[in-house]
Amino acid sequence: GLAYAGVLFPELSRAGRWRESGLRILAAEAERQVLSDGGSAEQTFWYLWLVTDLYGLVTAMLRHRQESVPAAIEAAAVRGRDFLNAFAEGPADIPAIGDCDNGYALSPYLCLSWDKVTRDRPGGLSMFDASGYSLLRDKAVQASLIFDHGPLGLSPTFVHGHADALSLVLRAGHDKVLIDSGTCTYSGDIRWRSYFRGTRAHNTVTVDDRDQAVQETRFMWSKPYTARLVWREEREDGQVCLLGRHDGYHDAGGVTHWRGILFIPSLTLVVLDVITGQGEHAVELNWHLGTDASRQDDGSWMLAGTAQPVRIQINGAETRRLRADEETPAGWASPVYGTREAACTLRSAMTTRLPFEYLTTIRIGESATSQPVSAQAGLHLWRARINEALAYGDTRHPG
């Protein structure tokens with residue numbers, strides 16, 4: 001606002017001061033708000049679009065008036081735009097990760113943050129180390145996978161972050177296979193605010209019915225977790241192995257959640273969840289689906305209404321299908337702020353002594369109707385890496 005007022009109304013006596021202050025503050029905040037890889041310090045894709053457009057608007061205004069643009073302001077707009085273009089084709093395609101209130105910088109039809117010509121997004125693995133995301137693309141079945149191993153949000157209050165460490169979002173073409181449940185509300189029923197930003201509303205594991213961090217108010221978190229990618233391997237045949245971990249439950253007997261991912265082209269996704277620590281704990285794995293699912297004779301689940309067959313097999317505990325459950329709550333999605341609608345959640349839960357494992361296999365396209373691919377080699381590598389990290393620490397950079 002100060003930058004706009006100072007530039008657009010130069011006849012006002014304080015215009016010069018407003019312009020100087022506005023551009024100075026924007027430049028100082030640029031690297032804090034938009035990380036070095038273009039991601040959001042708040043761990044929210046929607047607000048990244050808002051911030052990137054705000055920086056883009058100031059850049060466009062100064063250029064239109066043939067004035068110089070501070071390098072930090074223009075660089076923030078470019079970084080944010082590149083990040084958004086890697087994950088989405090436009091505002092309607094933004095992953096619902098972190099808070100989203102459907103606000104915008106000037107107009108919902110303003111697309112400063114997207115290229116006018118659609119980019120040819122590369123297949124394989126793209127890393128965003130500063131914000132903590134791995135993006136995998138399989139062009140053969142037009143699939144994309146987002147693996148979240150980043151922080152809770154922007155300290156010290158982590159306002160717009162969700163407790164979604166090691167969560168996954170999976171798409172196949174226009175079909176949403178694994179979804180982020182969304183935001184639903186800020187000021188409405190506190191139960192729904194707590195649910196949608198809590199761990200249970202995300203595609204990850206809960207321990208002892210807790211979130212990975214502590215919800216202090218509708219917007220404040222305490223006891224933030226540390227999440228990181230421990231190991232990655234890209235193979236010549238196109239397979240990708242990833243291993244991440246977080247310590248959000250470490251105060252409960254040293255509990256750590258490890259998640260290994262084996263991404264096999266054309267397309268099989270194998271997910272190994274290992275919960276290590278001491279004692280007996282309630283462990284729960286949730287998969288939130290973009291469509292309904294039905295149980296098959298072999299115990300797997302087939303998604304309904306998808307353009308390509310999608311089969312999910314979950315091993316480790318009995319799996320229940322939950323839909324529009326008011327009591328738990330479970331089986332809800334919020335595609336637009338202020339709304340919630342029935343969705344399908346597959347929940348596997350049990351109380352057991354640690355360590356404990358869940359193994360999930362998701363097959364899309366022809367692989368969904370063929371014989372399952374063996375993941376034993378991947379399982380062996382993940383377990384070896386976990387044991388190595390437990391014995392010697394996991395401070396080394398992945399790779």
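The numbers here are math on the coordinates, done by the rules we state, and not lab data. Keep in mind that this is a model prediction, so the values were computed, not measured. Virtual Cβ from ideal backbone geometry, glycine too; neighbours counted across all protein chains shown.
Observations on the structure shown:
- Each residue of region 302-312 is assigned a 3J(HN,Hα), and the resulting list reads 9, 7, 9, x, 8, 5, 10, x, 10, 10, 10 Hz, derived from the Karplus form 6.51 cos²θ - 1.76 cosθ + 1.60 (θ = phi - 60°), x at Gly and Pro.
- Computed over region 283-384, the Cα gyration tensor eigenvalues convert (square root of 5λ each) into semi-axes of 25, 20, 12 Å, ordered from largest to smallest.
- Take each peptide in 146-154, 24-32, count the other Cβ atoms within 10 Å of every residue, and average; sorted highest first, the result is 146-154, 24-32.
- Table column - 3J(HN,Hα) (Hz), region 79-92, Karplus curve with 6.51, -1.76, 1.60, x for Gly and Pro: 4, x, 5, 4, 4, 4, 5, 5, 9, 8, 8, x, x, 5
- Cβ-defined net charge surrounding His246, 9 Å radius [Lys, Arg +1; Asp, Glu -1]: +2
- Whether region 255-334 is rounded, prolate or oblate, judged on the alpha carbon gyration tensor where a/c under 1.5 counts as rounded: oblate
- Between the helical axis of 15-33 and the longest alpha-carbon principal axis of the chain there is an angle of about 20 degrees.
- Other residues with beta-carbon under 12 Å from the beta-carbon of Thr319 carry, at +1 per Lys or Arg and -1 per Asp or Glu, a net charge of +2.
- The radius of gyration of the Cα set in region 86-151, together with its Dmax, comes out at 13.4, 37 angstrom.
- Length gained when the stretch Asn387-Thr369 is fully extended (0.36 nm per residue, less Cα-Cα span): 3.0 nm
- Rough spin-label spacing in nm, given labels placed 7 Å along Cα→Cβ, for Met61 and Glu327: 5.5 nm
- Relative contact order for the chain, counting Cα pairs under 8 Å that sit 6 or more residues apart, in percent: 12 percent
- Angle between the chain longest axis and helix 376-392 axis [Cα atoms, degrees, rounded to 10]: 70 degrees
- Percent breakdown of C-alpha pair distances by 5 Å bin, ordered from the shortest bin, for region 22-134: 2, 12, 23, 25, 20, 12, 5, 1, 0
- Cα-based convex hull volume of region 180-230 per residue, rounded to whole Å³: 93 Å³
- Dipole orientation for region 258-387: of the candidates Gly338, Val271, Gln308, Val271 has the Cα lying most toward the positive pole (charges on Cβ; Lys, Arg +1; Asp, Glu -1).
- Residues listed by number, region 42-72, amide nitrogen under 13 Å from Val78 label point at 7 Å toward C-beta: 69-72
- Binning the alpha carbon pair distances of the chain at 20 angstrom intervals from zero yields the distribution 27, 56, 15, 1, expressed in whole percent.
- Taking a point 7 Å from the Cα of Ala282 along the Cα-to-Cβ direction, the residues of region 173-207 with backbone N closer than 14 Å to it are 200, 206-207.
- Cα gyration tensor category, rounded, prolate or oblate, for region 252-293 with a/c compared to 1.5: oblate
- Stretched out straight at 0.36 nm per residue, the stretch from Lys139 to Arg353 would grow longer than its current Cα-Cα span by 72.9 nm.
- Summary of packing: across the peptides 92-105, 9-22, 44-57, the per-residue average of other C-beta atoms within 10 Å ranks them, highest first, as 44-57, 92-105, 9-22.
- With N the number of residues in region 187-312, Rg(Cα) / (2.2 N^0.38 Å) evaluates to 1.24.
- Separation between Cα centres of region 56-70 and region 140-183, rounded to whole Å: 33 Å
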